[in-house]
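K.L.:
Let me begin by handing over the structure; questions about it come next.
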Amino acid sequence: MTHKKKRIFLRVDGDHGINSGLGHVYRSLRIYFFLKKKFNKSHDFYFISKNYKVGINIIKKTNEKVLIFNQNFLKNFIFNKDDKIIIDTLGVEKKLLIKLKFNDVKKILSFDDLNNSLYKKAIIINGIYFAKKIIKSKNKNIKIYQDPKYILLDEEFKVKKKINFNNKILVTSGGADKHNYLFSISKILLNSDLKNLKIYVLIGKGVKKDNPIFKLKNNKNVLLIKNAERIKKYLDICGFVIASGGTVMFEAIASGRVTMIKKTYQHQKYAINYFKKLNLISELSENKKKMKEQLIKKIKLINQNTILVDKIFKRNIQKIDGKGFDRIKKILNNYIRL
């Protein structure tokens with residue numbers, strides 16, 4: 001007699017950068033692939049997402065079922081009490097939590113959720129939003145893990161490669177580049193007096209075909225990289241990184257790179273301010289003229305100071321060691337097994 005499989009649900013959204021971006025989708029997929037390998041025989045997997053096409057298309061490559069999160073779902077879908085729910089939406093929707101309570105679901109794990117008062121029992125992993133608020137709970141049934149050591153990155157970020165600064169610059173603006181920062185920053189660099197530049201531009205899966213960055217596809221100083229499966233190898237090639245305040249910021253710090261950040265979402269400001277105060281990153285101005293001055297000045301300073309580069313490398317990799325996924329895997333293992 002075969003036993004019916006239990007179920008694991010991953011609640012996550014991803015769009016072109018209007019509401020969600022794609023960073024949470026990629027984090028959820030890392031978790032999914034780890035759990036799938038460990039618990040495929042005992043569990044079925046489902047994703048729950050708002051009807052955002054770009055995120056759903058990425059998720060569907062797993063061949064798992066995607067349930068659309070809407071009023072119909074909240075009204076008609078029935079959870080089992082032994083279901084496990086993993087939430088990566090910067091806080092659970094109250095309506096979803098009410099439904100989980102009504103269906104007597106007790107296994108809930110949420111990432112970067114500051115409002116733990118909504119839960120009777122949960123695990124909260126606060127790897128990013130710790131920079132906004134250190135959360136506490138008097139409820140012994142709520143377990144909280146928070147610190148940069150719980151920032152979830154790919155396994156390869158445990159391996160560190162020292163900087164060989166050579167005017168190779170990595171430019172990225174998240175999965176969608178809604179504000180066309182890839183083009184504007186690349187043009188600033190190309191129109192500067194910096195010599196022998198090689199600009200590596202990461203094109204996220206949510207970047208639209210009419211994005212102006214594609215105007216530079218024939219420029220010999222620019223390499224457009226689409227659908228990169230391994231970002232780490234480009235971080236290792238480049239000594240200097242210009243990124244948004246999302247996942248690549250953490251990856252650049254973990255790689256020990258000289259990092260300048262352009263905020264693309266308001267919620268990024270907490271982590272940006274946190275790492276800026278520690279002198280691990282620099283934040284770019286909203287003013288284009290000032291931004292150009294900042295970029296050129298910093299690149300020239302770094303290019304002439306190998307001692308400073310080495311200092312930045314050591315300081316950065318101490319703060320984000322790249323072992324966050326190892327720590328989270330242990331939490332997930334216990335979460336599923338118990």
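K.L.:
Accessible area per residue, 1.4 Å probe, Å², for the stretch 56-160: what's the number?
P.N.:
53 Å²
K.L.:
With axes computed from alpha carbons, what is the tilt in degrees of helix 306-319 against the longest principal axis of the chain, rounded to the nearest 10 within 0 to 90?
P.N.:
10 degrees
K.L.:
Report, ordered by chain and residue number, the aspartates and glutamates lying within cross-link reach of LYS120, taken as a straight Cα distance under 13 Å and ignoring same-chain residues fewer than 8 apart.
P.N.:
Straight-line reach from LYS120, under 13 Å: ASP104.
K.L.:
Continuing with this model, one more query. Going by alpha carbons, how many degrees (0 to 90, nearest 10) lie between the helix axis of 324-337 and the longest principal axis of the chain?
P.N.:
Roughly 10 degrees, rounded to the nearest 10.
K.L.:
Continuing with the same structure: Ratio of the chain's C-alpha Rg to 2.2 N^0.38 Å, to two decimals?
P.N.:
The reported ratio for this selection is 1.04.
K.L.:
I've got another one for you. Taking Cα atoms of the stretch 1-77, Rg/Rh with Kirkwood Rh, to two decimals?
P.N.:
1.01
K.L.:
Taking 0.36 nm per residue of sequence separation and subtracting the Cα-Cα distance, how much length would be gained by fully extending the chain between ASN221 and LYS208, in nm to one decimal?
P.N.:
Residue separation times 0.36 nm, minus the Cα-Cα distance, leaves 2.5 nm.
K.L.:
Where Rh denotes the Kirkwood radius from the mean inverse Cα pair distance, what is Rg over Rh for the stretch 96-245?
P.N.:
1.12
K.L.:
Return P(r) of the stretch 217-338 (all Cα-Cα pairs; 5 Å bins starting at 0; whole %; ordered from short to long distances).
P.N.:
2, 9, 17, 20, 20, 15, 8, 4, 2, 1, 1, 0
K.L.:
Find how many whole Å separate the alpha carbon centroid of the stretch 284-338 from the alpha carbon centroid of the stretch 177-198.
P.N.:
20 Å
K.L.:
Also: Enter the mean projected area of the convex hull around the alpha-carbon atoms of the stretch 115-196, in nm², rounded to one decimal.
P.N.:
9.0 nm²
K.L.:
Give the distance, in whole Å, between the Cα centre of the stretch 18-60 and the Cα centre of the stretch 65-103.
P.N.:
Comparing the Cα centres of the stretch 18-60 and the stretch 65-103, I get a distance of 15 Å.
K.L.:
How large, in percent, is the carbon and sulfur part of the accessible surface of the chain at a probe radius of 1.4 Å?
P.N.:
Of all accessible area on the chain, carbon and sulfur atoms account for 50 percent.
K.L.:
Label the stretch 156-229 by shape, choosing from rounded, prolate and oblate, from the square roots a ≥ b ≥ c of the eigenvalues of the Cα gyration tensor; if a/c is under 1.5 it is rounded, and otherwise prolate applies when a/b is larger than b/c, oblate when it is not.
P.N.:
Cα axes put the stretch 156-229 in the oblate bin.
K.L.:
Once phi is turned into ³J(HN,Hα) by the Karplus curve 6.51 cos²θ - 1.76 cosθ + 1.60 with θ = phi - 60°, what whole-Hz value does each residue of the stretch 256-273 show in order, with x for glycine and proline?
P.N.:
Karplus values, whole Hz, x for Gly and Pro: x, 7, 6, 10, 10, 10, 10, 5, 10, 9, 4, 5, 6, 4, 5, 5, 4, 4.
K.L.:
Say the cut-off is 32 Å between C-alpha atoms; which of LYS84/LYS133; LYS205/LYS311; LYS220/LYS289; LYS269/LYS311; LYS50/LYS319 go over it?
P.N.:
LYS205/LYS311; LYS50/LYS319
K.L.:
Separate question: For all pairs of alpha-carbon atoms in the stretch 159-285, what percent lies in each bin of width 10 Å, listed from the first bin to the last filled one?
P.N.:
Taking all Cα pairs of the stretch 159-285, the binned fractions are 13, 47, 35, 5 percent.
K.L.:
When ligands, DNA and RNA are left out and all protein chains stay put, how many square angstrom of accessible area per residue does the stretch 179-338 have with a 1.4 Å probe?
P.N.:
Accessible surface, normalised per residue, equals 50 Å².
K.L.:
Hey, how much of the P(r) for the stretch 1-136 falls beyond 26 Å, as a percent of Cα pairs?
P.N.:
For the stretch 1-136, the fraction of Cα-Cα distances above 26 Å is 20 percent.
K.L.:
Using the structure shown, list the pairs from LYS195/LYS215; LYS162/LYS276; LYS38/LYS323; LYS95/LYS121; LYS162/LYS288 with a Cα-Cα distance above 23 Å, or answer none.
P.N.:
Among LYS195/LYS215; LYS162/LYS276; LYS38/LYS323; LYS95/LYS121; LYS162/LYS288, the Cα-Cα distance tops 23 Å for LYS162/LYS288.
K.L.:
At 222 nm, what helix-only mean residue ellipticity would the chain give, in deg cm²/dmol to the nearest 500, using -39500 (n - 2.57) for each DSSP H run of four or more?
P.N.:
Using -39500 (n - 2.57) per qualifying helix, the result is -10500 deg cm²/dmol.
K.L.:
Which percent of Cα-Cα pairs in the stretch 143-184 sits in each 5 Å bin, short to long?
P.N.:
Pair shares across the bins are 5, 13, 12, 15, 19, 20, 10, 3, 1, 0.
The values are calculated or read from the model by the stated rules, or taken from the named source; none is laboratory data. Just so it is clear, the model here is predicted, and its values are computed rather than measured. The area values use the complete protein model at the heavy-atom level, side chains included, leaving out ligands, DNA and RNA. Shrake-Rupley method; radii C 1.70, N 1.55, O 1.52, S 1.80 Å.
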